[in-house]
Structures are given as structure tokens and as C-alpha cells.
2 protein chains.
Amino acid sequence: MISSKTKYGLHALMHLSHKYNKGPVLIAELAREEKIPKKFLELILLDLKNHGILESKKGKGGGYQLARHPSEVNIGQVIRILDGPLAPVSCVSQTAYKRCNECKDEHHCGIRLVMKDVREAMANILDRTSLADMGVRIKNFKSDSMFNFQI
Amino acid sequence: MISSKTKYGLHALMHLSHKYNKGPVLIAELAREEKIPKKFLELILLDLKNHGILESKKGKGGGYQLARHPSEVNIGQVIRILDGPLAPVSCVSQTAYKRCNECKDEHHCGIRLVMKDVREAMANILDRTSLADMGVRIKNFKSDSMFNFQI
DNA sequence: ATAAAGTCTATATTTTTAGTAGTCTATTTG
DNA sequence: CAAATAGACTACTAAAAATATAGACTTTAT
């Protein structure tokens, strides 16, 4: 299961995708609209900002906005930032490899080989799906444009 | 990431697969060989027994053994028992569905639709891979590398 | 100058994970 | 039957992680 933190982050990013190119959005608005505890959301957004996903403006008229086009932000990145590596076991992580201490021989560990497939399968979806793609999936359902940009 | 508990459980089950049809194996042996804290392992094995994966015998000459052939025990089952549902979010779980409280409209949630694909991808691997398959993967890996040297 | 809005650091609370201790029950065997 | 073996069960604890909350600080528009 992904953490609440990550779910909050994804919802906030979807909200910001809707408002892409419409200027900064207040933390307070995001918190209210997406039902996220405001102070907690602050930390999440800051984290995403420090990883280059978001940019912010302080002072009056400030707020948060996407640093890149929604089609350029994929969910794999976001989950890695907020939740850590995708891999089910650290010994198959591409981004945060760490040996299992109890493992005798990594290359002959059947568990590891299966988990490698799982990681691959997850990454194939998450690293190829952008915020824009998530909007499109909804659009296909609703037959009504979700975002104010061209895909 | 899966928990240590689950990793321990899978290692113990692999050990028991090797010893299938050779009589019960002591918790103490499993703990020693697989480097698992013994008391913790007791709880794990008991849990797997209560879910029909293992069977046990008390008293002298007792121990644990698989309740079914290794090809009849898949990893999806094991992970669900020890770690809970496979689904990345509860609103796409087949075995433990639960609505997201903050979600406005589940059927139009793009996050949910992507996570549904992820769940599907994971389940397709984990529910189709048995303990026996994990053993086979090791075997194939070994003969492949031997093959590479010979040709 | 002041009000708005994000930033930063620290702390609190709750839940989960990981592990331990000790007693109880069943089985074998001398 | 008694003793030894081995799992079953209940309870507890420590540590870590998740989920927040508080409050002072900094930047910026007007």
C-alpha cells in the first residue's frame, strides 16, 4: 500500500494539473479542495518542490504550480519521492539498491527473481504514466475535457 | 516494500519446499538455516498454518511441513496472509476493498484507475508464481549461465 | 510598513513492525 | 506414567515509521 502522504501528493498534483498555466494555487485551496490536512500538505509540497516537480512563489499572489507540463511528470517519480523505491525488496531496486543481509547468494535467490519481475511490471506502468495521462483516463470516461491544455 | 516478516516467511517456505515429503522440519532448523529470529518465526509459521499453507506436528519428531505440493502454493496468497492486500490503494483491492474517504467520485479517479492496472500487473505475476516456480527459476538461471560458457 | 504566503525546525501522537518472554498443550518414548 | 520434546498461545515491549501540529522565520506585493 502507498502511504497517505503519497496519495495526498498525487491528488494535489492532479489539482495543479487542472490549473496548469493559470498561475499559482494556494496551499489553503489545495488543502480544502482535496481534503488534506494543511500543515501536512505543506511538507509534501515542499518535498516535491525540492525535487523539482513543483515551483512556488512566496508573498501575496503566491502559491504552488507545476514546474513542468503535466505530461512531463510521471507517477513513478512522485511515488519514489514521497514513498521511497518502487521495488518490493531492496535487492531489486534500480534507484536504491541494497543487499539483503540474510541472503546467501543473491543471483540464485528465486524470491529476488520474482520480485524483480514485479518491480519491472510496476515501473513499466508508473514510469510511463504522467499526470496528463491520468487526466486522459478520466476524460475517456467522462467524454469531457478535464484539463485546459492539449495533449 | 514487503515486510521482513513476509521475506522471512517466503524463505522458510522455500526451505520447506526443498524438504517436501521428507517429514516435518523443526522451527529451530528453519530459524538457524534461514537466519530468522526463532520466536518471530514461530508466529509467522503459525499464521501460515492457520491459513492452510502449512501443517504441523507437536512433540518429539514434530515440526512443520507444507500442507500442499509446492506447485500449489502461490506467492500472492502468502504475501496477502503476511503483509495484507497486494493493491497499492485499498479502493482497488479485490480481497480487501475499502473506499477512500477523501475520494469524491471513485469511478472518475485517475489515480485509482492507474493503481488498478498496477494491482493487476502485480497479481498476474504473484498469483501465478508458485513456490515450485521459484525453485525452477533458480535452476533455469544456473543452466543458462552454464550454457553461455559452453557455446 | 504590513499583510499574505511559503519555509523551516521541532515536537507530538498514533500505528505498525519486529522481536521477546513465559506458560500451556500435545506427542513420543523409556 | 513420567520426562523430554516441540509446537500453540497470550502478552508484552522497544523501535521505527507514519501522520500529523505548532510556531517562528523569510520573502514579496502593495
| field | Members of the range A:75-117 found to be at pLDDT below 95 and under 19 Å from residue A:128 (Cα atoms), listed by number | value | A:94, A:95
| request: Could you grab the pairs with beta carbons closer than 9 Å, sequence gap of 6+ or different chains, first residue in the range A:35-56 and closer than 23 Å to residue A:22 by Cβ and near DNA strand C (Cβ under 7 Å from one of its atoms), second one hydroxyl-bearing (Ser, Thr, Tyr) and not in a helix (DSSP H, G or I)? | output: A:45/A:56; A:45/A:64; A:46/A:56; A:49/A:56; A:49/A:64; A:56/A:64
| Which of the residues that make up the range B:69-81 are outside any loop (DSSP other than H, G, I, E, B) and more than 15 Å from DNA strand D (Cβ to nearest atom)? | B:70, B:71, B:72, B:74, B:75, B:76, B:77, B:78, B:79, B:80
| Has the range A:40-59 got at least one residue that is open to solvent by 50 Å² or more (accessible area, probe 1.4 Å), assigned to a helix (DSSP H, G or I), in contact with a Leu (Cβ under 6 Å, 6 or more places away or on another chain) and modelled with pLDDT of 95 or more? | no
| request: Filter the range A:1-34 for residues that are within 12 Å of DNA strand D (Cβ to nearest atom), surrounded by fewer than 18 Cβ atoms within 10 Å (Cβ to Cβ) and among the basic types (Lys, Arg) and give the result. | output: A:5
| query | Based on what the data block shows, is residue A:65 under 24 Å from residue A:20 (Cβ atoms), at pLDDT 95 or above, assigned to a strand (DSSP E or B) and not β-branched (Val, Ile, Thr)? | reply | yes
| query | Does the range B:113-128 hold any residues that are more than 17 Å from the chain's Cα centre (by Cα) and open to solvent by less than 20 Å² (accessible area, probe 1.4 Å), and which are they? | reply | B:113, B:114, B:115, B:118
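Any idea how many residues of the range B:84-95 are open to solvent by 20 Å² or more (accessible area, probe 1.4 Å) and either touching a residue at least 24 places away in the same chain (Cβ under 8 Å) or not in a helix (DSSP H, G or I) (or both)?
3
From the list A:66, A:54, A:48, A:131, pick out the single residue that is over 28 Å from residue B:130 (Cα atoms), in contact with a Pro (Cβ under 7 Å, 6 or more places away or on another chain) and more than 14 Å from DNA strand D (Cβ to nearest atom).
Values: A:66 fails: in contact with a Pro (Cβ under 7 Å, 6 or more places away or on another chain); A:54 fails: in contact with a Pro (Cβ under 7 Å, 6 or more places away or on another chain); A:48 fails: in contact with a Pro (Cβ under 7 Å, 6 or more places away or on another chain).
Every option except A:131 fails the conditions.
Within the range A:96-108, does at least one residue satisfy the condition of being in contact (Cβ under 8 Å) with a residue 60 or more places away in the chain and either away from DNA strand D (no atom under 13 Å from the Cβ) or not charged (D, E, K, R) (or both)?
Kept after step one, since they are in contact (Cβ under 8 Å) with a residue 60 or more places away in the chain, are these residues of the range A:96-108: none.
No: zero hits.
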| Just a yes or no: is a residue in the range B:3-16 among the aliphatic types (A, V, I, L, M), farther than 26 Å from residue A:101 by Cα and within 16 Å of DNA strand C (Cβ to nearest atom)? | no
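The values are calculated or read from the model by the stated rules, or taken from the named source; none is laboratory data. Every value quoted in this text rests on a predicted model; they were computed, and no experiment measured them. So basically every Cβ, Gly included, is an ideal-geometry build from the backbone, and we count neighbours across all protein chains shown. Side chains included, ligands, DNA and RNA excluded: accessible areas come from the protein's heavy atoms. Shrake-Rupley method; radii C 1.70, N 1.55, O 1.52, S 1.80 Å.
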